[in-house]
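For reference, the structure discussed in these notes is given below.
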Amino acid sequence: MPVQGAQVVTRIARILQLVGRNPAGTPLAEIVRDSGLTRPTVHRLLSSLAAEGLLDHDPVRHTWHYGPEIFVMGTVAAHRYPIEELARPSLLRLAEETGESAFLSIRRGAETVCLLREEGSFPIRSFVLHEGLRLPLGVASAGLAILAYLPETEIEQFLVQDDAFVERWGEKHSPAAIRANLEQTRITGYSVNPGLILEGSWGMGAAIFDRSGQPGWALSLTGIERRFAPDRRVVLGQLLLEEASRITQSLQRARV
């Protein structure tokens, strides 16, 4: 039996997700395009959320941003989820030891969301990934690392892709290509994204497992291609696995 009002809740949740994926703000046209809703409906929902303090509108740049109530909610919720506190030292170590940018991402349904970023010392960086960015599982190193260790039934469900997915991400993210990458990830323990999203921008990832043994998060490193030569990938992969294991063990002991 359908839940009364569920459609509105679903729409609001989608609007909030779309606004939050870009720290610099998201224009109305982009929200309309990606929500699949009409412009008047989107504008009405945005205005209502702004009235409640959940969103802010920048009248100069014509972009929408998270509002103060989102900050308050996030602060309250953070006490229940110690992952950021547990992961921050690992991100610092990875960035310091490798010179690359280090990230923590969380799985949310069929997507990953970047939560934390720590910059390395190497002056040339890849800016594909940033806090709040949502990517489908199987796209980028964090999503590959998580997807590789999900049950086969979930993998199969994800690999049933529509035309829009292939059009957006290209043949390099076809079901066959993703599955080949997943198999290699299981062999080494860590995933490799050889410039699949942006040419010359490479990434590597390792999954973090929750108390039930399911992959719920991932650590990743990103940088330019020449920093990810085969010999160095082995070193980077081992560092990622060590830090991911450290966080996994801490989560097993945490009372959450």
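Numbers at a glance
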| read-out | value |
| --- | --- |
| Contact order relative to length of region 1-115, as percent, for alpha carbon pairs under 8 angstrom and 6 or more apart | 16 percent |
| Which of Ile12, Ile224 is most accessible, then next, and so on - probe 1.4 Å | Ile12, Ile224 |
| Nearest-10 value in Å² for the accessible area of Asp210, using the 1.4 Å probe | 40 Å² |
| Order of exposure, largest accessible area first, which applies to Tyr66, Tyr190, Tyr149 with probe 1.4 Å | Tyr66, Tyr149, Tyr190 |
| Region 182-198 - phi-based ³J(HN,Hα) in whole Hz, Karplus 6.51/-1.76/1.60, Gly and Pro as x | 5, 5, 5, 4, 5, 5, 8, x, 10, 9, 10, 10, x, x, 6, 8, 9 |
| Contact order relative to length of the chain, as percent, for alpha carbon pairs under 8 angstrom and 6 or more apart | 16 percent |
| Amide H contacts of Ile208 (H built 1.01 Å from N, under 5 Å, at least 5 apart or other chain) | Gly216, Trp217, Ala218, Leu219 |
| Region 175-253: GluC sites (Glu not before Pro) in DSSP loop, at most 12 other beta carbons within 10 Å | Glu199 |
| Residue order for Phe165, Phe228 - accessible surface, 1.4 angstrom probe, largest first | Phe165, Phe228 |
| Rounded Å value of the spacing that divides the Cα centres of region 127-189 and region 49-126 | 21 Å |
| Long-range tail of P(r) for region 82-227 (Cα pairs > 20 Å, %) | 43 percent |
| Whole-number percent relative contact order across region 188-232, with pairs defined as alpha carbons under 8 Å at least 6 apart | 32 percent |
| Region 6-72: translational diffusion in µm²/s, Stokes-Einstein, Kirkwood Rh over Cα pairs, 25 °C, 0.890 mPa s | 210 µm²/s |
| Mean Cβ count within 10 Å, highest first, over the residues of peptides 153-161, 111-119 | 111-119, 153-161 |
| Inter-label distance, nm, simple model (7 Å from Cα along the C-beta direction), Thr188/Glu85 | 3.4 nm |
| Radius 13 Å from Cβ of Pro68, net charge of other residues (Lys, Arg +1; Asp, Glu -1) | -3 |
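The values are calculated or read from the model by the stated rules, or taken from the named source; none is laboratory data. Predicted model only: the values in this text are computed from it and were never measured. Because the Cβ atoms are built from the backbone with ideal geometry, glycine has one as well, and the counts that use them run over all protein chains shown. Each accessible area value is taken on the protein alone, full model and side chains, heavy atoms only, with ligands, DNA and RNA left out. Shrake-Rupley method; radii C 1.70, N 1.55, O 1.52, S 1.80 Å.
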